[in-house]
Amino acid sequence: MSIHLGHDDPEVRQKFGSDSARLVYGLDRENERLVHISVARRGLAYGLICPHCKATLIANLKDDLKAAHFAHQGPACGGGAETALHLLCKEIIRNELRLTIPRQFAAHGTYELLIAEERAIAVDRATLEHREHIEVIPDLLLQVGALELFVEIAVTHPCGEEKIARLRRLGTAAVEIDMSSMPRNATLDAVRQAVLSAAPRKWLFNVRIERAIEDLRLREQRDAEACARRLASAARRKMEAYDRTRRSAGEQKLRIKDLPALRYLGLRQHLGVEIGGTGCFTVRPETWRSVVLATILRPRLHHQRFLATDHIVSRLVEEGYIQSDFVKLTKVLADAARNLDPEFLTPWEAVHRFLQALTKAGLTEQQHLSFALTSSLADRWRGWEAAERSKRERADKISSLVSRILDNIPEKARGSMTVESWWQVIDTKSGMARKETFVADNAIDNDLEKLLDVLLLRTSASPRGLYGLPAEGAIEEALSRRAENEAKAKEKREADEADDRRQSMIRLSEQTLNEQDLPDFLRTPVAEQGGILPLDLAEANITGYGLAEEALRNFAQARRTDRVATEWRSKLDGEARKLFGDSAARVVRQPVDGKLDGRPPLIYCRDERTYQAALGILRWIAQMR
């Protein structure tokens, strides 16, 4: 390219002009060779001019400034340094007749081919700005054997697409050497090394590269066609598997997960929505869709967690609901299959569209590529589950009662009836099976418990109904056995109570009487009760026990009175011996007329009072003698 282009541009002048780079080369007007500042004399000697604007230059040597350089005699043009570098590069190549050319490398899309590595070439002849070709005037035309090579030196502006297009039409190989990073005041050796080998360089045009690129393009085309054929074949195989799976799934019996819940919640009608992708699944659409709702999304009822479509599809794969041929599909293969059958959808697309349909119906919520049941649906589902849980618990309780009742019915009467067959018994009023009607019957639980209590001999109260259980004979036998058991129990209870009363009377007697009095009491008949012994009286009944207690009290009281009387009589007998000597025994045992109620003193004496009265009589008798 011509270095003269662009240097009058203000931006170029500001960037590369004398304001930012020193001009260290001047052009010898006579022989048109560049002269470095290092061999110039101060002032206007040599008659050097600016390589760009051809203005006269003044040599400012190192004695005058920090760095030696050429300055314009008038205003600076701003392009001298770049033009000098450009001319110097061309001059070096022309003089050296050698050059390193870049590697020949072809690339098209993902295809690459290395034709030749970077290498140094020897040049037979170098022509500056060859003007034989009208379309292109290169910086250098190199003759290398029988081949021609254009060389472009890029100092400020690289070759544009228009010039490259002209080079391509011309058909001559062309290389561009990028010298834009080279300092404008670089030494000759630095410029030489850069332009000949070190500076970046590239092919602007190379017929071998162009042909290689075309070969790569054709190779890419052939590979693409082969890939398309393989893709079409793979797509056909996938669609054959798709059709087989679709037919097989369509022949299966319809199975819907948690159908009662889905029907109650109004979700059943949404399982059959037309979406597509049916052949990717091993079951009918309603089946895997019910699994998505009842098994995958439902467990999130209590924490409203969004699940990504990827996660839901992975769960379906784990459960075996997705045919293995469609677990992993590339987008390209899926698109090819869709070209064969527009109804085709990948499992991910089918699941995602189904969830989007539910979202449109107000049943699910979507966040990006994740879904969750709506709050209102989750609340209704939780309510239904609570009711169903209560229903199951009640059914389990009833089943347990029926099982225990059947266990207590003789085998002959029970026949072939089981808990399961009992649930299937048709109710005569409603015409429905027991398992369908028990929910509305609030009394069945209590009635079955009463029936079981009768059979277990816990009660004799007849149940309200038998609910189809063959328990009539068992109930009759149970009532008879209960009556017999109750009689035996009553007899034993009465015997135990009698023995308890007898033992209680013995313990009470032992606590009340001493060892001498106890045998006497137990052998003494109770005269007021017909002469029955105390223990027999207490054993008879609770009334007899009370009478025996009374007899014990009377006996104990009498014994205490006797002991007190004996003590006072002994004392009276001692006083009588003092008064009467040997005749005392006779005196105390004779009654005294009109005294002591007509009784002898010893008999009258029972306590201190009667003792004093009897002693006074004895003293009176002694005085009278």
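The values are calculated or read from the model by the stated rules, or taken from the named source; none is laboratory data. All values reported here derive from a predicted model rather than from experimental measurement. Don't worry about glycine lacking a Cβ; one is built from the backbone with ideal geometry, like all the others, and counts go over all protein chains shown. Remember, those area values only see protein heavy atoms, side chains included, never the ligands or the DNA or RNA. Shrake-Rupley method; radii C 1.70, N 1.55, O 1.52, S 1.80 Å.
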Conditions (1) closer than 22 Å to N95 by Cα; (2) open to solvent by 20 Å² or more (accessible area, probe 1.4 Å); (3) touching a residue at least 40 places away in the same chain (Cβ under 8 Å); (4) in contact with a helix residue (DSSP H, G or I) (Cβ under 7 Å, 6 or more places away or on another chain); number of the one not met by T156: (1)
Where a residue in region 205-220 is charged (D, E, K, R) and its partner, wherever it lies, is assigned to a helix (DSSP H, G or I) and open to solvent by 60 Å² or more (accessible area, probe 1.4 Å), with Cβ under 9 Å and at least six apart: E210/R168
Residue list for region 259-279, filter: surrounded by fewer than 16 Cβ atoms within 10 Å (Cβ to Cβ) and basic (K, R): R263
V207 vs. criteria open to solvent by less than 80 Å² (accessible area, probe 1.4 Å), under 19 Å from Q104 (Cβ atoms) and out of contact with any helix residue (DSSP H, G or I) (no Cβ under 8 Å at 6 or more places or on another chain): yes
When residues of region 127-149 are limited to those that are touching a helix residue (DSSP H, G or I) at 6+ places or on another chain (Cβ under 7 Å) and more than 19 Å from T83 (Cα to Cα), the one least open to solvent (accessible area, probe 1.4 Å): V136
Restricting region 525-544 to residues that are at pLDDT below 90 and part of a loop (DSSP other than H, G, I, E, B), the residue that is least open to solvent (accessible area, probe 1.4 Å): G531
Within region 95-115, considering residues that are β-branched (V, I, T) and closer than 16 Å to P200 by Cα, the one nearest to the chain's Cα centre (by Cα): I101
Criterion: modelled with pLDDT of 90 or more, surrounded by fewer than 17 Cβ atoms within 10 Å (Cβ to Cβ) and out of contact with any Gly (no Cβ under 9 Å at 6 or more places or on another chain) - qualifying residue of E420, E436: E420
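So that you can scan it fast, the table gives a plain yes or no per residue for (1) among the aromatic types (F, W, Y); (2) touching a strand residue (DSSP E or B) at 6+ places or on another chain (Cβ under 6 Å); (3) without any contact (Cβ under 8 Å) to a residue 60 or more places away in the chain; (4) crowded, with 19+ Cβ neighbours inside 10 Å:
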{"residue": "L297", "(1), (2), (3), (4)": "no, yes, no, yes"}
{"residue": "H311", "(1), (2), (3), (4)": "no, no, yes, no"}
{"residue": "G320", "(1), (2), (3), (4)": "no, no, yes, no"}
{"residue": "K328", "(1), (2), (3), (4)": "no, no, yes, no"}
{"residue": "A336", "(1), (2), (3), (4)": "no, no, no, yes"}
{"residue": "Q356", "(1), (2), (3), (4)": "no, no, yes, no"}
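Results for (1) under 21 Å from R414 (Cα atoms); (2) in contact (Cβ under 8 Å) with a residue 60 or more places away in the chain; (3) open to solvent by 70 Å² or more (accessible area, probe 1.4 Å), shown as yes or no for each residue.
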position	(1), (2), (3)
D447	yes, no, no
L451	yes, no, no
R464	yes, no, yes
P470	yes, yes, no
D496	no, no, no
Whichever residue in region 317-339 is assigned to a loop (DSSP other than H, G, I, E, B) and of a type in the set (S, T, N, Q) and, among such residues, is farthest from T287 (Cα to Cα): T330
Selected residue (criterion: surrounded by the most Cβ atoms within 10 Å (Cβ to Cβ)) from residues of region 360-397 that are within 23 Å of the chain's Cα centre (by Cα) and among the hydroxyl-bearing types (S, T, Y): T364
Region 502-524: number of residues that are acidic (D, E) and either touching a helix residue (DSSP H, G or I) at 6+ places or on another chain (Cβ under 6 Å) or in a loop (DSSP other than H, G, I, E, B) (or both): 2
Check on I92, over 60 Å from the mean Cα position of the chain (by Cα) and assigned to a strand (DSSP E or B): no
Checklist (1) closer than 18 Å to R184 by Cα; (2) modelled with pLDDT under 75; (3) open to solvent by less than 30 Å² (accessible area, probe 1.4 Å) applied to G43, failing item: (1)
Residues (among the acidic types (D, E) and either closer than 30 Å to Q557 by Cβ or surrounded by 14 or more Cβ atoms within 10 Å (Cβ to Cβ) (or both)) located in region 567-625: E567, D573, E575, D597, D607, E608
Single residue of S181, S197 found to be of a type in the set (S, T, Y) and either open to solvent by less than 10 Å² (accessible area, probe 1.4 Å) or in contact (Cβ under 8 Å) with a residue 40 or more places away in the chain (or both): S197
Which listed residue is farther than 22 Å from I37 by Cβ, of a type outside the set (D, E), open to solvent by 30 Å² or more (accessible area, probe 1.4 Å) and assigned to a helix (DSSP H, G or I), from A212, A165, A190: A165
